[in-house]
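Trainee: First the structure, then my questions, so here it is.
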């Protein structure tokens, strides 16, 4: 996937088209009062024909129709521009999120990234569709209207200026109070999404513990805070509309009152002319006030759009901590892994999760990692998959530092099965094919073979549709063991050099576990395997077993060697198997 330019040549063309028709619309709108003035002058003349008045009236109607047509074209152009730009923004956010590492995604949080891709983009879209049009239109309309009334009457001009100043003062006061609340609204929306998402994901746990009231209270608290912020803004905004109406209607009244005094002080001959000027001036004055009113409304839309765009740019401009290599890697080795004095601590943490880890695995070997909870087992394989980079030391793949590989090239060599089974909506075949990424889909035979090796064949064939069986989002129509086996099949179908099993056998029964290890050993004997597990039975046949304790390797060797030389391993083994079972090598 590639990032797209926010504004393409089509969007530029739409902006130019909108500007042209906005100018045309303003010119046509401002021409109407001129025809009104002409009609007034014609009425004053004694030799005026009805056809002349009708002609001027007809031109007014044409201007009104033309203005309406221009308005439709401008609205269409802005809507298309808004849709195009926001489409590109959403695409760029999605591409960037896929480039980010685990650490960056955790920093933003999933709920916030969803809000930035939806609600924040919608705020930007609203500004482009309505605000951008107003920013272009209002200054043009105000400038042309001011030109039309310059020199007409200083009394009427002063009344118009006072009205504009009053509006601007009120608007600025409102904006000072409102703008800081916009960022707060987006943050609170993040929190609301987070609470709703947590509740939906954990709905089974919530029901099982009768925690509906507890979750409701958490949601209500966040919802109430967001509602209060919205109410504060809406109450201030609601005061603006009647004030604008008051100013506009008041200005019209003041103009006519001043006009009445001017007409009263004029001679009989000039009264009709002054009356026409007052009518025309009133129209232009309203256009000027309307222009500033439109700009003031934009000032409410713009700050929120700016806040949203800053939040979007935070994501787009974030550089991933895991940087892809140049990809110019040449090696004759296949499936070789080596850790050299690797240490790691999570960003911002002082204590090391892993310290001085060193081992080597050759092609086709099975390396097992075992240890107590929080001993660093998953972190170790996460470093191999470059979800994080080692703090010190180096990790070699086929004799080359993994940092020199392109991320895509590295992942093509790895088949990763995580602790949590991730199943997407779609058919079984679609889920198994996901492991190939951009390189295409496996044949039906490849998918069936991967499913057979992963011991998923029984439940796949048990339904009539087989590989075409549709799985619900998150695999809600599958058991834990079925989901885990499909995740394993997905990695196997990829035919990687190295398979990483991050505690991926936990949901399997002992029989399935044993059969799976047997098929992996016979059918994938050329594939290097790294297995994180809790069961001794799962790893006892491994070529190399690493025993971790508090982030350090406290034992290294085969099952028999560790039983003799490593007390930690022996304690784990005896907690699961009896002395006789260990001696006999049985479960």
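Nothing in this text is a laboratory measurement; each read-out follows from the coordinates by a stated rule. Keep in mind that this is a model prediction, so the values were computed, not measured. We place every Cβ from the backbone using ideal geometry, glycine too, and count neighbours over all the protein chains shown.
Trainee: Determine, for 227, 522, the number of other Cβ atoms within 10 Å of each Cβ, and report the residues in order from fewest to most.
Mentor: So the residues, fewest neighbours to most, are 522, 227.
Trainee: Moving to a separate point now. PRE reach from residue 173 (point 7 Å along Cα→Cβ): which of region 231-252 fall under 20 Å by backbone N?
Mentor: Backbone N within reach: 232-251.
Trainee: Then there's this: How big is the antiparallel share of DSSP beta bridges in the chain, given as a percent to the nearest 5?
Mentor: Antiparallel: roughly 50 percent of the beta bridges in the chain.
Trainee: Taking only Cα atoms, what is the 0 to 90° angle, nearest 10, from helix 444-453's long axis to the longest principal axis of the chain?
Mentor: That works out to roughly 50 degrees.
Trainee: Whole angstrom only: what separates the Cα centroid of region 458-481 from the Cα centroid of region 537-560?
Mentor: If we compute the Cα centre of each part, the gap is 35 Å.
Trainee: Measure of size requested: the Rg and Dmax of region 130-289, with Cα atoms as the atom set and Å as the unit; please supply both.
Mentor: Calculated on Cα positions, Rg and Dmax stand at 26.2, 91 Å.
Trainee: For region 77-174, what is Rg from Cα atoms divided by 2.2 N^0.38 Å, rounded to two decimals?
Mentor: 1.73
Trainee: Then there is this: Could the peptides 483-493, 461-471 be put in order, highest first, of the mean number of other beta-carbon atoms found within 10 Å of their residues?
Mentor: Descending packing order for the listed peptides: 483-493, 461-471.
Trainee: Oh, and also: How many nm is it between the label spots at residue 465 and residue 94, if each spot is 7 Å from the Cα in line with the beta carbon?
Mentor: Reported label-point gap for residue 465 and residue 94 is 2.3 nm.
Trainee: A follow-up question, please. Which angle from 0 to 90°, rounded to the nearest 10, does the C-alpha axis of helix 50-99 make with the longest principal axis of the chain?
Mentor: Taking the Cα atoms of the chain, the angle to 50-99 is about 20 degrees.
Trainee: How would region 337-584 be classified by its alpha-carbon gyration tensor: rounded, prolate or oblate, with rounded meaning a/c under 1.5 and the a/b versus b/c comparison settling the rest?
Mentor: Oblate, since a/c reaches 1.5 and b/c is not below a/b.
Trainee: Specify the inter-centroid distance of region 1-60 and region 73-119, based on alpha-carbon positions, in whole Å.
Mentor: 37 Å
Trainee: In deg cm²/dmol and to the nearest 500, what is the mean residue ellipticity at 222 nm of the chain if only DSSP H runs of at least 4 residues count, each as -39500 (n - 2.57), divided by the residue total?
Mentor: -21500 deg cm²/dmol
Trainee: By how many degrees, between 0 and 90 and to the nearest 10, does the Cα long axis of helix 132-149 differ from the longest principal axis of the chain?
Mentor: The two axes meet at around 20 degrees.
Trainee: Now for a different question. Looking at the chain, I'd like the Rg to Rh ratio, where Rg is from alpha-carbon atoms and Rh is Kirkwood's inverse mean 1/r.
Mentor: So for the chain, dividing Rg by the Kirkwood Rh gives 1.20.
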